[in-house]
Amino acid sequence: MKFKLLYYGDILTNPKKRAQHIADIRMQFHPQLKKLMEFKPWDNLSKFMMPNAKKSPITTRHIGGIDWNPIITPNLKMIAELDILLMHPEIVGVPRSDIDNRVKTILDGLRCPQNEHEIGQNTPRDIGPIYTLLDDDHLVTKLTVNTSHLLSPNAFVGRGQKSPDAVFMLIDVNVRVTEGTLENLPFMV
């Protein structure tokens, strides 16, 4: 099962307010994942994403007064393979293009917060559950990162980003089932 996620914005390697920076990244993925849950076979999981669902393979986390719904969880016996195209305005190969810390930051933005300290102050608390790709980043079993020079950084000016740390990212997500269950049967394609 494959789909794509898009991200445009800053990926800071050592921000002063790391929790808020990660929260801002999560909030770019949330509407995309929420939309994904409207389509088959993902819509089958939505019945489990409610408080007190019986025999739920989804672990809705209640952290900081917010319900977090990861769509890839250990209970579903699913893992993710990520192929990331990272485009940035720097010339590829210069010291400023810090790939490893940027990838760590984006992986943190794809997973649920693990405790209240990982939730940013400005995370909305009134929008219902927030969707994340991963319950935890240990569910990523393959990671490929390709970097390229973003030749048209002005293409995203309408988004209010003009930072030298702004990147455009296309993330190909390949969801794989590790063990067949009734809940993950529709994902075995």
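The values are calculated or read from the model by the stated rules, or taken from the named source; none is laboratory data. Keep in mind that what you see is a predicted model, and the values were worked out from it rather than measured. Positions of Cβ are backbone-derived with ideal geometry, glycine not excepted, and every protein chain shown enters the neighbour counts.
Identify the residue in segment 6-45 that is part of a helix (DSSP H, G or I) and of a type in the set (A, V, I, L, M) and, among all such residues, is nearest to His88 (Cα to Cα).
Of the residues in segment 6-45, the ones part of a helix (DSSP H, G or I) are 18-36, 42-45.
From what is left, the residues that are of a type in the set (A, V, I, L, M) are 19, 22-23, 25, 27, 33, 36, 45.
Numbers: Ala19: 23, Ile22: 18, Ala23: 21, Ile25: 16, Met27: 20, Leu33: 24, Leu36: 26, Leu45: 35 Å.
Looking at residues that are part of a helix (DSSP H, G or I) and of a type in the set (A, V, I, L, M), I get Ile25.
Cβ contacts < 9 Å: first residue crowded, with 17+ Cβ neighbours inside 10 Å, restricted to segment 177-188; second residue assigned to a strand (DSSP E or B), any location; separation 6+ or different chain. Result?
Between residues of segment 177-188 that are crowded, with 17+ Cβ neighbours inside 10 Å and residues that are assigned to a strand (DSSP E or B), the close pairs are Val177/Met78; Val177/Ile79; Asn184/Met78; Asn184/Val177; Phe187/Met78; Phe187/Val175; Phe187/Arg176; Phe187/Val177.
What are the residues in segment 72-91 that are buried (at least 22 other Cβ atoms within 10 Å of the Cβ) and touching a Leu at 6+ places or on another chain (Cβ under 7 Å), if any?
The answer is Ile72, Leu82, His88.
Per-residue answers, yes or no, for (1) modelled with pLDDT under 85; (2) of a type in the set (Lys, Arg); (3) surrounded by fewer than 17 Cβ atoms within 10 Å (Cβ to Cβ); (4) touching a strand residue (DSSP E or B) at 6+ places or on another chain (Cβ under 9 Å):
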residue	(1), (2), (3), (4)
Tyr7	no, no, no, yes
His21	no, no, no, yes
Gln28	no, no, yes, yes
Lys40	no, yes, yes, no
Thr60	yes, no, no, yes
